[in-house]
């Protein structure tokens with residue numbers, strides 16, 4: 001395999017990706033497989049940090065749809081991301097990959113509170129940092145949190161691991177002839193309203209010149225391949 005194209009990256013994984021074949025919760029085998037791929041990336045010399053969604057446990061928007069107050073629902077969703085982060089942290093440590101979980105909502109008896117300089121120090125020492133609790137604020141998604149942390153950490157790319165192998169014009173599971181894109185600009189995503197990340201996340205990435213690479217986290221070995229510019233993925237980036 002070629003040399004990695006990026007020295008430091010942020011990997012965004014949806015909470016649903018941790019469910020595996022289940023309809024809810026965390027499937028240990030899936031978490032362990034993703035942790036193994038992250039460990040392989042670290043062994044390649046890449047500094048990796050993660051943001052994991054919470055949709056496998058609780059989605060704030062679902063709570064709002066049922067009449068719950070938005071602030072309360074989003075707070076519950078942020079707590080769900082902490083559970084996922086701790087599961088990933090444990091899986092990484094079990095495989096001999098040093099890791100730290102840092103939460104935007106302080107809970108020092110469970111994990112470290114987020115502090116940018118400390119997080120950067122962990123990364124420089126070869127530790128994987130799992131950012132939990134989103135931005136710590138309601139009304140912001142974990143996609144936005146991923147773009148924000150990628151910018152704060154000086155990441156050279158934001159990798160979004162999904163259940164499909166790139167960006168499509170529509171959901172390929174529902175629209176079999178949906179068009180697949182190999183490359184897009186941030187403006188393309190915004191103007192065509194493509195389902196990559198929310199507008200705030202795309203704008204943050206664009207303003208900080210961070211390419212977004214969308215690939216299937218369900219494909220074994222995909223993370224390592226994408227880091228070397230190989231395999232199937234869509235890259236969202238503006239011309240130099």
Of all the helices (runs of 4 or more DSSP H) wholly in region 18-130, which have at least 2 residues that are under 17 Å from the mean Cα position of the chain (by Cα), touching a residue at least 12 places away in the same chain (Cβ under 8 Å) and over 20 Å from residue 149 (Cβ atoms)? 28-43
Among the residues of region 215-228 satisfying the criterion of being in contact with a strand residue (DSSP E or B) (Cβ under 9 Å, 6 or more places away or on another chain) and in a loop (DSSP other than H, G, I, E, B), which is surrounded by the fewest Cβ atoms within 10 Å (Cβ to Cβ)? 218
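Select, from 27, 32, 47, the only residue that is modelled with pLDDT of 95 or more, touching a strand residue (DSSP E or B) at 6+ places or on another chain (Cβ under 8 Å) and farther than 15 Å from residue 160 by Cα.
Details: 27 fails: touching a strand residue (DSSP E or B) at 6+ places or on another chain (Cβ under 8 Å); 32 fails: touching a strand residue (DSSP E or B) at 6+ places or on another chain (Cβ under 8 Å).
Step by step, each of 27, 32, 47 is checked, and only 47 is modelled with pLDDT of 95 or more, touching a strand residue (DSSP E or B) at 6+ places or on another chain (Cβ under 8 Å) and farther than 15 Å from residue 160 by Cα.
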Restricting to region 173-186, name every residue that is under 21 Å from the mean Cα position of the chain (by Cα) and outside any strand (DSSP E or B). 182, 185, 186
Residue hits (region 60-82; crowded, with 20+ Cβ neighbours inside 10 Å and under 23 Å from residue 217 (Cβ atoms)) are 60, 77, 78, 80, 81, 82
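With respect to residue 181, determine if the residue is farther than 15 Å from residue 235 by Cα and buried (at least 16 other Cβ atoms within 10 Å of the Cβ).
no
Matching residues to (1) outside any loop (DSSP other than H, G, I, E, B); (2) surrounded by fewer than 16 Cβ atoms within 10 Å (Cβ to Cβ); (3) in contact with a helix residue (DSSP H, G or I) (Cβ under 8 Å, 6 or more places away or on another chain):
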residue: 144; (1), (2), (3): yes, no, yes
residue: 159; (1), (2), (3): yes, no, yes
residue: 171; (1), (2), (3): no, yes, no
residue: 188; (1), (2), (3): yes, no, no
residue: 195; (1), (2), (3): no, yes, no
residue: 202; (1), (2), (3): yes, no, yes
residue: 213; (1), (2), (3): yes, no, yes
Residue under question is residue 78, and the condition is that it be under 25 Å from residue 197 (Cα atoms) and touching a strand residue (DSSP E or B) at 6+ places or on another chain (Cβ under 9 Å); does it hold? yes
Residue 167 passes all but one of the listed conditions (1) touching a residue at least 60 places away in the same chain (Cβ under 8 Å); (2) in contact with a strand residue (DSSP E or B) (Cβ under 6 Å, 6 or more places away or on another chain); (3) within 16 Å of residue 9 (Cβ to Cβ); the exception is number (3)
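Count, please, the residues in region 7-17 that happen to be crowded, with 22+ Cβ neighbours inside 10 Å and either closer than 19 Å to residue 165 by Cβ or without any contact (Cβ under 8 Å) to a residue 60 or more places away in the chain (or both).
5
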Selection from region 28-48 of residues that are over 12 Å from residue 92 (Cβ atoms) and crowded, with 17+ Cβ neighbours inside 10 Å: 30, 46, 47
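The values are calculated or read from the model by the stated rules, or taken from the named source; none is laboratory data. Being a predicted model, the structure only gives us computed values, none of them experimental. Cβ coordinates were reconstructed from backbone atoms using ideal geometry, including for glycine residues, and neighbour counts include every protein chain displayed.
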